[in-house]
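What follows is one structure encoded as structure tokens, with my remarks underneath.
The values are calculated or read from the model by the stated rules, or taken from the named source; none is laboratory data. In this text, all values refer to a predicted model and were calculated from it rather than measured experimentally. Cβ sites come from the backbone with ideal geometry, for glycine too, and all protein chains shown count toward neighbours. The accessibility values were calculated without ligands, DNA or RNA, using every heavy atom of the protein model including side chains. Shrake-Rupley method; radii C 1.70, N 1.55, O 1.52, S 1.80 Å.
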Amino acid sequence: METFRELGARLSNWGRWGVDDERGTANLITGERLVAAGRLIRRGKVFDLGIPVGSDGPQNGTLRQNPLHVMVETGHGQQITCGTRYTDDYIVMPLQSSTQWDALAHVYYDDRLYNGFSASSVTVKGASRCSIDKQAKGIAGRGVLLDVAALHGVEWLAAGTVITPEDLDAAAERQGGVHVGAGDILLVRTGWRRKFLTERDPGAFLAGEPGLGLACCAWLRERDVAAVASDNWAVEVLPGEVPGEFLTVHLVLIRDMGMTLGELLDLEELAADCEADGVWEFFFAGPPLKVTGGVGTPVNPLAFK
């Protein structure tokens, strides 16, 4: 097997969109492709793909905590003479504790970020290169859902299950031969969100997961996919395929290919609708928050059919 460094060098997009590029494969969502994707809206049905932002989420405090929602004004006790009362609240959260995008500054190795930028550009004040606000115009376009759990006839794949290119091809074939191509946003369903909703066990949810294997990186590169997202918490299989190595799919996709990853999506309602009507493509919109220097962002993606 190629090492992740060898694979990353072979699939690298460094310089493809210029030496100063910080958007990576999001550049593949051209105006023409965006217009074509808009034509996929035929029924006027909307699916929200974000999980609730609240204290009962899948985080257990080991790496990240669930969002903390605090009311600072409820209207009670206010003395506004005309009778007006107002409410106000705060939220405190890791930017990647709920449904979220990874910025291209999120992972790196050998002291280099995507496109060769120095890792020193990430400081305690944030990322001055490849931060999430560089994707401010949004990640939107043709979305395609591949339901790998349904392919294997299970509610959810087992932790440690490696999704291969052959799985992706077989899922597409099962789904009427739906095409995954240039500029698309690929959603991969493992059933891991259903597992959490069924068991409500953050520890089991985070202990490992099914997900993409390293061989899928070349599959995505060959098709010029713009972004990939999943219903698990790291997109890739965990534990990884190589003992002692961690997040190697992240390293190849983000650091070498410049691909934005989406995690912790809720694909259950969308998958059921696609299964019912046989249409697995849709208009997808997932604009990030413009967090200055952020290496990730919460998001509530929408799919329109």
Open item on the list: Quick check for me: using +1 on Lys/Arg Cβ and -1 on Asp/Glu Cβ, what's the dipole size of segment 114-255 about its Cα centre, in debye to the nearest 20?
Closed with: 680 debye
TODO: Might you tell me the accessible area per residue for segment 219-282, computed with a 1.4 Å probe and given in Å²?
DONE: 29 Å²
TODO: Describe numerically, in nm with one decimal, the distance between label points set 7 Å from Cα along Cα→Cβ at ARG43 and at LEU197.
DONE: 1.6 nm
- [ ] May I ask for the distance between the Cα centers of segment 1-68 and segment 233-256, given as a whole number of Å?
- [x] 15 Å
Task: Nitroxide proxy distance, nm - points 7 Å out along Cα→Cβ at ASP111 and THR62 - done: 3.3 nm
- [ ] Would you work out if segment 199-305 is rounded, prolate or oblate? Take a ≥ b ≥ c from the square roots of the eigenvalues of the alpha-carbon gyration tensor; rounded if a/c is under 1.5, else prolate when a/b is larger than b/c, oblate otherwise.
- [x] rounded
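Where the accessible area of the chain is counted over protein heavy atoms with a 1.4 Å probe, how much of it, in %, is carbon and sulfur?
Numbers: 7170 of 13480 Å².
It is 53 percent, rounded to a whole number.
What length, rounded to one decimal in nm, is gained on full extension from SER121 through to ALA170, with 0.36 nm per residue of separation minus their alpha-carbon distance?
Computed gain between SER121 and ALA170 is 13.5 nm.
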- [ ] At 1.4 Å probe size, with every protein chain present, just tell me what the per residue accessible area of segment 80-193 comes to in Å².
- [x] 43 Å²
- [ ] Check the chain and count each lysine pair with an alpha-carbon distance under 20 angstrom, considering only pairs eight or more places apart or from different chains.
- [x] 5
TODO: Along Cα→Cβ, 7 Å out, is where each label goes; now give me the distance between the ones at ALA204 and HIS69 in nm to one decimal.
DONE: 2.6 nm
Open item on the list: If you average the C-alpha positions of segment 136-156 and of segment 162-219 separately, how far apart do those two centres end up, in angstrom?
Closed with: 7 Å
Open item on the list: For TRP17, what accessible surface area do you get with a 1.4 Å probe? Give it in Å², rounded to 10.
Closed with: 70 Å²
Task: Of GLN175, GLN96, GLN79, the one that fluctuates the most in a GNM where the chain has Cα springs shorter than 10 Å - done: GLN79
Open item on the list: Computed from the coordinates I sent, P(r) over Cα pairs in 10 Å bins from 0, in percent equals one of (1) 6, 27, 35, 21, 6, 3, 1, 0; (2) 7, 30, 39, 22, 2, 0; (3) 6, 26, 30, 21, 13, 4, 0, 0. Tell me the label.
Closed with: (1)
- [ ] Using only protein heavy atoms and a 1.4 Å probe, report how much of PHE246 is accessible, in Å² to the nearest 10.
- [x] 130 Å²
Task: Rounded accessible area of ARG23 (nearest 10 Å², 1.4 Å probe) - done: 60 Å²
- [ ] Determine the order of ARG221, ARG142, ARG42 by accessible area, beginning with the largest, at a probe radius of 1.4 Å.
- [x] ARG42, ARG221, ARG142
Task: Percentage relative contact order, the chain, counting C-alpha pairs under 8 Å, at least six apart - done: 31 percent
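For the chain, what is the mean residue ellipticity at 222 nm derived from helices alone (per DSSP H run of n ≥ 4: -39500 (n - 2.57); sum divided by total residues; nearest 500 deg cm²/dmol)?
It lands at -5500 deg cm²/dmol.
Rounded to the nearest 20 Debye, what is the dipole magnitude of the chain about its Cα centre when Lys and Arg each give +1 and Asp and Glu each give -1 at the C-beta? Could the numbers behind the result be given before it?
Working: 28 positive and 40 negative charges, 181 e Å.
Here the size comes out at about 880 debye.
For segment 83-241, just say rounded, prolate or oblate: build the C-alpha gyration tensor, square-root its eigenvalues into a ≥ b ≥ c, call rounded for a/c under 1.5, and beyond that prolate if a/b exceeds b/c, oblate if not. Don't jump to the answer; show the numbers that get you there.
Values: a/c = 1.62, a/b = 1.23, b/c = 1.31.
Oblate, since a/c reaches 1.5 and b/c is not below a/b.
Do you know the relative contact order of segment 183-305, to the nearest whole percent, from alpha carbon pairs under 8 angstrom that are 6+ apart? Write out the running numbers ahead of the final one.
Details: 162 pairs, mean separation 30.2, N = 123.
About 25 percent, as a whole number.
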